[in-house]
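What follows is a single structure, written as structure tokens, with notes after it.
The values are calculated or read from the model by the stated rules, or taken from the named source; none is laboratory data. This is a predicted model, so every value here is computed, not measured. So basically every Cβ, Gly included, is an ideal-geometry build from the backbone, and we count neighbours across all protein chains shown. Only protein heavy atoms, including side chains, enter the accessible area calculation; ligands, DNA and RNA are left aside. Shrake-Rupley method; radii C 1.70, N 1.55, O 1.52, S 1.80 Å.
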Amino acid sequence: MKPAFVFGTRPEIIKLAPVIRAFLDRGVKPLLIHTGQHYDYEMSAVFLKELELPPIDHHLEVGSGTQAEQTGTAMIKIERVLMEEKPDVTLVQGDTNTVLAGALASVKLKIPVAHVEAGLRSFDRTMPEEINRVLADHASEVLFPPTEEAKRNLEREGITENVYVTGNTVVDAVLQNAEVAEEKSDVLEHFGLESKGYVLITAHRAENTDSRENLEKLVEILESLPMRVIYPMHPRTRNRLKKFGLLERVENIENLIVTKPLGYLDFLKLERNAFAIMTDSGGIQEEAIILSVPCLTLRYNTERPETVEAGGNALVGLEKERAIGYLKRLMEDQEFYERMKSAPNPFGDGKAGKRIAEILLELYEAGKLKVGSSRFI
Ligand code: UD1
Ligand code: UDP
């Protein structure tokens with residue numbers, strides 16, 4: 001069997017690595033197609049290196065652009081590779097423009113699509129990611145929702161065949177790398193941070209960074225944080241801060257360390273040792289609960305409601321009073337802190353990658369890995 005992996009951004013590399021490894025462990029060589037949606041060393045190559053992935057077979061160098069430019073260019077370039085390579089299945093993960101481009105290009109060539117982390121819904125149609133999730137799920141032949149809740153989202157949209165709840169591969173990634181990170185990374189010493197003595201913050205979502213109004217709210221939160229803070233900054237946010245003339249304000253905040261994005265091992269160590277995490281990232285909401293660190297999400301909705309229901313995550317939005325109020329409560333109310341910290345991980349046992357590879361190999365051997373073999377009839 002010849003599985004093709006199409007990916008292009010930081011979280012896709014991290015969350016697909018366990019699936020790639022699972023295929024390799026079964027003696028199957030996956031074809032690796034990198035769209036180049038992320039291209040800076042610290043947004044892409046560092047992860048390929050740290051996660052010891054085999055060399056990329058096709059670098060498509062799509063780069064940045066508007067939504068349609070990026071998705072369209074990726075589609076055209078992915079189609080060429082798929083026509084040449086003729087894989088048996090195309091795997092995509094998550095909700096980026098790369099995912100939508102990979103899924104559409106593949107299914108139209110009658111190459112079945114397997115969607116890892118299927119069924120997530122924020123129910124917010126203004127997010128580019130929500131459109132990508134819905135369309136990728138409907139273009140997919142095999143769906144791997146991480147949780148029962150994600151499976152129910154698919155059911156509500158009539159997707160009931162070839163749906164397998166596997167857990168989220170983010171757990172595999174954390175379990176495979178947290179100990180190594182703890183041993184190898186000197187990130188705390190490097191930044192002069194003490195375990196549980198700082199807040200880790202990240203924010204990069206379009207809805208938080210593309211308008212000056214919302215970005216300024218983020219800056220106000222940063223200016224009011226009552227603890228040391230480290231912010232490994234996504235290039236999108238840095239660019240927008242510059243564009244709106246807000247970067248200098250951020251750089252002048254005492255107590256705040258702004259760095260470039262960090263490698264996975266350094267970042268995992270920072271997460272694990274943080275007093276709390278504030279973020280608008282999807283993957284970081286998941287990693288926080290896996291690592292038993294309270295998470296305050298700088299959004300008004302989440303496609304990871306399991307984290308909120310489990311008690312480890314609170315949606316604080318971008319209002320300074322609410323966000324800082326939550327953080328102060330965590331600092332002052334030990335019982336509240338312990339409650340958030342001990343929320344159970346809803347994302348599975350860390351064997352999702354293995355399950356996904358096994359299911360796809362079984363479907364392939366049974367002759368069922370074909371477009372139209374299930375609900376498309
Ligand atoms: C994308 C995903 C988002 C995901 C995030 C992971 C979409 C619609 N969004 O957002 O869901 O959470 O990746 O990090 O697919 N840039 C660089 N260097 C890079 C990459 C980007 O400078 O290596 C800058 C460029 O100015 C670019 C901007 O960041 O225009 C945004 O990049 P893009 O890939 O379009 O979206 P992300 O914000 O990264
Ligand atoms: N991450 C990292 N270095 C950083 C920031 C994030 O390695 O400086 C990792 C993080 O551990 C998680 C993933 O990147 O696994 C999340 O990516 P991101 O927040 O960019 O995307 P999202 O999950 O929101 O799509």
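Okay, here's what the table says:
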{"item": "Single residue of region 7-31 satisfying the filter (within 16 Å of ligand 1 (Cβ to nearest atom) and not in a helix (DSSP H, G or I)) that is surrounded by the most Cβ atoms within 10 Å (Cβ to Cβ)", "result": "Phe7"}
{"item": "Given (1) closer than 22 Å to Phe267 by Cβ; (2) open to solvent by 40 Å² or more (accessible area, probe 1.4 Å); (3) away from ligand 1 (no atom under 13 Å from the Cβ); (4) touching a residue at least 24 places away in the same chain (Cβ under 8 Å), number of the condition Leu51 does not satisfy", "result": "(2)"}
{"item": "Selection count where residues are open to solvent by less than 30 Å² (accessible area, probe 1.4 Å) and either out of contact with any strand residue (DSSP E or B) (no Cβ under 7 Å at 6 or more places or on another chain) or within 11 Å of ligand 1 (Cβ to nearest atom) (or both), scope region 235-264", "result": "8"}
{"item": "Residues within region 279-294 that are more than 16 Å from ligand 1 (Cβ to nearest atom) and within 22 Å of Lys217 (Cα to Cα), tallied", "result": "1"}
{"item": "Enumeration of residues in region 195-234 that are away from ligand 1 (no atom under 15 Å from the Cβ) and free of Cβ contacts under 8 Å to residues at least 24 places away in the same chain", "result": "Glu213"}
{"item": "Of all residues making up region 13-35, the number that are in contact with a Gly (Cβ under 6 Å, 6 or more places away or on another chain) and over 20 Å from Asp88 (Cα atoms)", "result": "0"}
{"item": "Residue within region 94-102 that is part of a helix (DSSP H, G or I), over 27 Å from Ala22 (Cα atoms) and within 16 Å of ligand 2 (Cβ to nearest atom) present", "result": "no"}
{"item": "Which numbered condition Thr160 fails, given (1) open to solvent by 20 Å² or more (accessible area, probe 1.4 Å); (2) part of a helix (DSSP H, G or I)", "result": "(2)"}
{"item": "Matching residues, region 212-239, being within 24 Å of the chain's Cα centre (by Cα) and part of a loop (DSSP other than H, G, I, E, B)", "result": "Met233, His234"}
{"item": "So Thr126, is it open to solvent by 50 Å² or more (accessible area, probe 1.4 Å), among the β-branched types (Val, Ile, Thr) and under 19 Å from Glu362 (Cα atoms)", "result": "no"}
{"item": "Residues located in region 172-218, provided they are open to solvent by 70 Å² or more (accessible area, probe 1.4 Å) and not basic (Lys, Arg)", "result": "Leu175, Gln176, Glu179, Glu183, Asp186, Glu189, His190, Glu194, Glu213"}
{"item": "Odd one out for Glu271 among (1) within 15 Å of the chain's Cα centre (by Cα); (2) within 20 Å of Gly94 (Cα to Cα)", "result": "(2)"}
{"item": "Conditions (1) free of Cβ contacts under 8 Å to residues at least 60 places away in the same chain; (2) open to solvent by less than 10 Å² (accessible area, probe 1.4 Å); number of the one not met by Ser64", "result": "(2)"}
{"item": "Residues satisfying the stated conditions in region 269-278, i.e. more than 16 Å from ligand 1 (Cβ to nearest atom), open to solvent by less than 30 Å² (accessible area, probe 1.4 Å) and not in a strand (DSSP E or B)", "result": "Lys269, Leu270, Asn273, Ala274, Phe275"}
{"item": "Condition met for Gly65 (in contact with a helix residue (DSSP H, G or I) (Cβ under 8 Å, 6 or more places away or on another chain) and either part of a helix (DSSP H, G or I) or aromatic (Phe, Trp, Tyr) (or both))", "result": "no"}
{"item": "Exclusive hit being within 13 Å of ligand 1 (Cβ to nearest atom), among the small types (Gly, Ala, Ser) and out of contact with any helix residue (DSSP H, G or I) (no Cβ under 9 Å at 6 or more places or on another chain), set Ala74, Ala45", "result": "Ala45"}
{"item": "Qualifying positions in region 64-113 - over 17 Å from the mean Cα position of the chain (by Cα) and of a type in the set (S, T, N, Q)", "result": "Ser64, Thr66, Gln67, Gln70, Thr71, Thr73, Thr90, Ser106"}
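The rows are residues; the columns are (1) near ligand 2 (Cβ under 10 Å from one of its atoms); (2) under 23 Å from Ser342 (Cβ atoms); (3) touching a residue at least 40 places away in the same chain (Cβ under 8 Å); (4) aliphatic (A, V, I, L, M).
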| site | (1), (2), (3), (4) |
| --- | --- |
| Leu247 | no, no, no, yes |
| Glu251 | no, no, no, no |
| Glu254 | no, no, no, no |
| Lys269 | no, yes, yes, no |
| Arg272 | no, yes, yes, no |
| Ala276 | no, yes, yes, yes |
| Val316 | no, yes, no, yes |
